[in-house]
Amino acid sequence: MTAGVLAVLAMLFVMFAGFWTDWLWYRSVDYSSVFTKTLWTKIGLFAVFGLLMAVAVGFNIWLAHRLRPPLSAMSLEQQSLDRYRMGLAPYKKWVLLGITALVGLISGASAAGQWRTWLMWVNGVSFGTKDPQFHMDVSFYAFDLPFYRFLLSFGFAAAVLSLIAAALVHYLYGGLRITTPGARATGQATGHLSVLLGVFVALKAIAYWLDRYGLAVKSGDFKSTDNWTGLKYVDANAYLPAKTILFIIAIICALLFFATIWRRTWQLPVIGFGLMVLSAILIGGLYPAIVQKFQVQPNEQAKEAPYIKKNIDATRQAYDIDDSQVRDYTGTSKASNDKLRDAADTTASMRLLDPNVVSPTFQQKQQVRGYYQFPATLDVDRYKKNGKDQDTVVGLREINTNGIPEKNWINEHFKYTHGYGMVAAKGTTVDKDGAPAFTEKDLPPKGDKGEYEGRVYYGEKTTQYSIVGGPQKELDYADDKGEKTYTYKGKSGVNLSNPVNRAAYAVNFNEPQILYSGAIGEGSRILYNRTPKERVEAVAPWLTIDGDPYPAVVDGRIKWIVDAYTTTNGYPYSSRTTLGDTTQDSLTDGQRSVVAQQNRVNYIRNSVKATVDAYSGDVDMYQWDSKDPVLKTWMKAFPDTVKPKSAISDDLMDHLRYPQDLFKVQRDLLQTYHVTSPSQFYSGSERWQIPDDPTHKGNAVPPYYLSMKMPDQQKQQFSLTTTFNPNKRETLGAFMAIDADARSNEYGKIRILRLPPNTTVSGPSQVQSKFNSDPAIAEKINLLKRGDSEVEYGNLLTVPLEGGLLYAEPVYVRGADTNYPRMRKVLVTYGEQIAFEDTLEKALDKVFDTEGRTDEGDDDTGPGGGDQDPPPSGEVQESLKDAQDAYDAGQKALERGDWEEYGKQQKLLEDALKDAASAEKKGPGDGKGGGDKGGDPKN
């Protein structure tokens, strides 16, 4: 008995621990209203529908028992059941309570899972748009119809369970007979069961009526469109009238069942039920098939044209692609080479630093210690330099617990608690060694970002809990003077000074040391749910989160910017898409995948921009789309959780951008829905396809962020771009760009350049093939591979230029001794011309045959930069070479863990840099090996 009591108490405490820690976490992030609203909604649905089901089943069991026949006239069949009745007699009440409680618990738990459906029904607002068939507001399909279907399914479950329970009781007590000759049911049993059957058939009549509206959101295949949604000709002219007829027949059949209360015979109800089944087969199945065969197929295009038009219009509205601008583009240019060369400098800022390739270089150059790490794919953002936006590749130096020198519970959860600092590099250039040109680097951080809180307690790689703020000091960072310690000063996390809290978290994390460890004391706080996606999903479980949160320095702090979507699966006539599949490309991994609460959707809006503070973990959500009715509905359900758009600071607005995942959903739909003509849609002659990434075969090419201008734009805009191939071809079918700068008046505007159907302009795969097959380039590639080096291709960028298409691709070399890529070459092709040079400028000069001319550029240097700085004097060059040698030797010593040698090389590096600075001050003609004293100062 004692063991049993202790086991029950332990189970109760485990359940309490889960509930209590959830409450504490929501309170710590100031979103306790989300927790309480969700909890009370679930409890309410559980109680109401659980009680309704229990009452329905229990009442029918009680009624069947009450209507039992007298036992004096028992048959032999009933006499054999007597022992069961006798056995149940002392426990009838308990059996009744047990059965009703069981069905109530199961039904209540099922109903609690429908809390989103309930809240959307209660708080739903109008879309202001009506469907073209029934002229009902879209909110009926998005918010009302799902709840009505839930009520209907609950009613069916209640009717069926009551019918089964009542039939069993009637059989047990003699109201029903199976083997006994004569009447098989008493009048009381006949009346009772007929009413339950009548309720079931009446519910079926309601189902037929709702099915009429369900046709507007029904999915199916049509003309190679897998997720076509809405009525077609056969639906409107066969299924719709069939559902109406079946509704009427079901109502009549239900009335016949109810009439059995007085007639006490099954004859008419059974005939009526048989008629309903036969009608369902003939009217609901055979008749539509005949209409499809003999009316639709002989003239399908003409018959389906009005319904195709409805589908096109609804799909374009639901995915916000109805305002996309499509214009014809020749794909060839008649401009002079000089004009093309000038246009190449002003049309786009070619981002040669590929965020998918250079992460190992960031790791090698800026990891600093083995317990830091960068994400496999870095992010692209913009930062101002000299008043102009500059495309920048950024990554956070996050904690890597796998790299902790001595792994134990204290080190993993108390000492190594946070990363430190942002690392940023220019997107359009690299240094003279082909490595990123860092604008923010080192520890403590220094560079263009100024002073900011650099500690990263919350990040994409921070997946385990940490305990901070107590007696145990944390490692802040290490430099040549040793380790710097720190104590967390934020208010994030849950206080562990309370013994109940410690016990709850010891159970929740299955770690008993939390309960008694001396490393936990006054001020200790536990941090968990630390990735940006986890935090936003938890405080807004009704949102779908973009797969690529990105960091930015905003108002002196590192903040993760998280795009969030509102979706529905109930937009009439709009074709569905599966978010998980649509957003997959060559850069998508488990970390960046998108999983919606409802993965198949047919309406999506980027309605919320959220931020997560990397130090404090604070979550802020801002209303980005003020017109979205789905967001308005959820804001009614959870008031004061989403801030108005006006609350976005100027600094934050500078870093907001159009999200990649929404762009990928839209481009997937635009493969088919860029046409607005039903005849073109039907023929499929204008269908496009997303090309494969030429450097990652079998994966869709990812969209690229790029500052560029389309032919109708006056200046460069931060854009998100992609290409299309014609269906089952590898030539270029179209180029698409969307204005991705949140400050732009045309933010979100889609521009598509459609090439002629018979175009011979090369697509991405053909360009890569041309590059790989060129004999001269192949020879140079082989030279780059000498010494077991590996060649990696970066992002293949496409830019419309004076009627033609310019392609540019950086080429990286991963040295066998360095194991990180450095950009060595740039591929550029325009029309039939191709170049493979050390810098972008040289490649453009060669492609446009303008080699030797001098252009003004920016102050960047190296393979991707503009004009080169004046060459240093011989003394400076010698000192810089010594500095480079010392740096390389130091890095190798660091990799070996030889700290003594590392310190020695750092001293040599410092001396060499001082010598170089001293030589630079002397001027070109003063040092040894200087140039002509009387020449041009630039020389």
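The values are calculated or read from the model by the stated rules, or taken from the named source; none is laboratory data. All values reported here derive from a predicted model rather than from experimental measurement. Neighbour counts are summed over all protein chains in view; Cβ atoms, including those assigned to glycine, are modelled from backbone coordinates with ideal geometry.
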Next item on the list: Please indicate, with yes or no, whether at least one residue in segment 331-340 is modelled with pLDDT of 90 or more and touching a helix residue (DSSP H, G or I) at 6+ places or on another chain (Cβ under 6 Å).
Entry: no
Item checked: Considering residues of segment 790-826 that are buried (at least 17 other Cβ atoms within 10 Å of the Cβ) and of a type in the set (S, T, N, Q) only, the residue farthest from K770 (Cα to Cα) -> T818
Next item on the list: Could you please find all residues in segment 318-341 being under 25 Å from W228 (Cβ atoms) and touching a Phe, Trp or Tyr at 6+ places or on another chain (Cβ under 8 Å)?
Entry: A318, Y319, I321
Next item on the list: Residue by residue through segment 827-842, note down the ones that are in a loop (DSSP other than H, G, I, E, B) and either surrounded by fewer than 19 Cβ atoms within 10 Å (Cβ to Cβ) or not assigned by TED's automatic domain parsing to the domain that holds P703 (or both).
Entry: G831, E832, D838
Next item on the list: Please go through segment 261-306 and pick out each residue that is modelled with pLDDT of 85 or more and in contact with a strand residue (DSSP E or B) (Cβ under 9 Å, 6 or more places away or on another chain).
Entry: E304
Notebook entry, point to check: Does P298 qualify as being farther than 30 Å from S762 by Cα and in contact (Cβ under 8 Å) with a residue 40 or more places away in the chain?
Noted result: no
Next item on the list: Give R341, R327 a once-over and let me know the one that is loosely packed, with under 13 Cβ neighbours inside 10 Å and either assigned to a loop (DSSP other than H, G, I, E, B) or under 43 Å from the mean Cα position of the chain (by Cα) (or both).
Entry: R327
Margin query: So if I check each of D313, D226, D320, which one is surrounded by fewer than 19 Cβ atoms within 10 Å (Cβ to Cβ) and touching a residue at least 40 places away in the same chain (Cβ under 8 Å)?
Written below: D313
Note to self: I'd like the full set of residues that are among the acidic types (D, E), farther than 19 Å from I561 by Cβ and in contact with a Lys or Arg (Cβ under 9 Å, 6 or more places away or on another chain), limited to segment 646-686.
What the structure shows: E686
Next item on the list: Could you name every one of the helices (runs of 4 or more DSSP H) located completely within segment 63-154 that has at least 2 residues being modelled with pLDDT under 90 and on the phi < 0 side of the Ramachandran plot?
Entry: 76-80, 82-88, 92-112
Check: Out of segment 152-171, which residues are buried (at least 18 other Cβ atoms within 10 Å of the Cβ) and among the hydrophobic types (A, V, I, L, M, F, W, C)?
Finding: F154, A157, A158, A159, L161, L163, A165, A166, A167, V169
Note to self: When you scan segment 154-172, do you find a residue that is in contact with a helix residue (DSSP H, G or I) (Cβ under 7 Å, 6 or more places away or on another chain) and over 24 Å from L52 (Cα atoms), even just one?
What the structure shows: yes
Note to self: Just the residues that are under 15 Å from A538 (Cβ atoms) and touching a residue at least 60 places away in the same chain (Cβ under 8 Å), please, taken from segment 31-72.
What the structure shows: Y31, S33, V34, K37, T38
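Okay, residues lined up against (1) crowded, with 21+ Cβ neighbours inside 10 Å; (2) in a loop (DSSP other than H, G, I, E, B); (3) modelled with pLDDT of 90 or more:
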residue: G370; (1), (2), (3): no, yes, no
residue: D381; (1), (2), (3): yes, no, yes
residue: K384; (1), (2), (3): no, no, no
residue: D389; (1), (2), (3): no, no, no
residue: F414; (1), (2), (3): yes, no, yes
residue: A425; (1), (2), (3): yes, no, yes
Check: Does at least one position in segment 161-178 carry a residue that is hydrophobic (A, V, I, L, M, F, W, C), assigned by TED's automatic domain parsing to the domain that holds W266 and part of a helix (DSSP H, G or I)?
Finding: no
Next item on the list: Return yes or no: is A348 surrounded by fewer than 21 Cβ atoms within 10 Å (Cβ to Cβ) and not charged (D, E, K, R)?
Entry: no
Item checked: Counted residues, segment 791-820 - those being closer than 30 Å to A889 by Cα, assigned to a strand (DSSP E or B), in contact (Cβ under 8 Å) with a residue 24 or more places away in the chain and in contact with a helix residue (DSSP H, G or I) (Cβ under 6 Å, 6 or more places away or on another chain) -> 1
Next item on the list: Please find, among A254, A259, A250, the residue that is assigned to a helix (DSSP H, G or I), among the small types (G, A, S) and within 18 Å of G187 (Cα to Cα).
Entry: A259
Note to self: So, S279, is that one over 22 Å from D131 (Cβ atoms), more than 40 Å from the chain's Cα centre (by Cα) and not assigned by TED's automatic domain parsing to the domain that holds L256 or not?
What the structure shows: no
Note to self: I'd like the residue in segment 734-745 that is touching a residue at least 24 places away in the same chain (Cβ under 8 Å) and not in a strand (DSSP E or B) and, out of all such residues, is nearest to the chain's Cα centre (by Cα).
What the structure shows: A740
Check: Does S607 count as in contact (Cβ under 8 Å) with a residue 12 or more places away in the chain, of a type in the set (S, T, Y) and either crowded, with 19+ Cβ neighbours inside 10 Å or on the phi > 0 side of the Ramachandran plot (or both)?
Finding: yes
Next item on the list: Could you grab me the full set of residues in segment 826-846 that are hydrophobic (A, V, I, L, M, F, W, C) and in contact (Cβ under 8 Å) with a residue 40 or more places away in the chain?
Entry: V826, L827, I834, F836, L840, L844
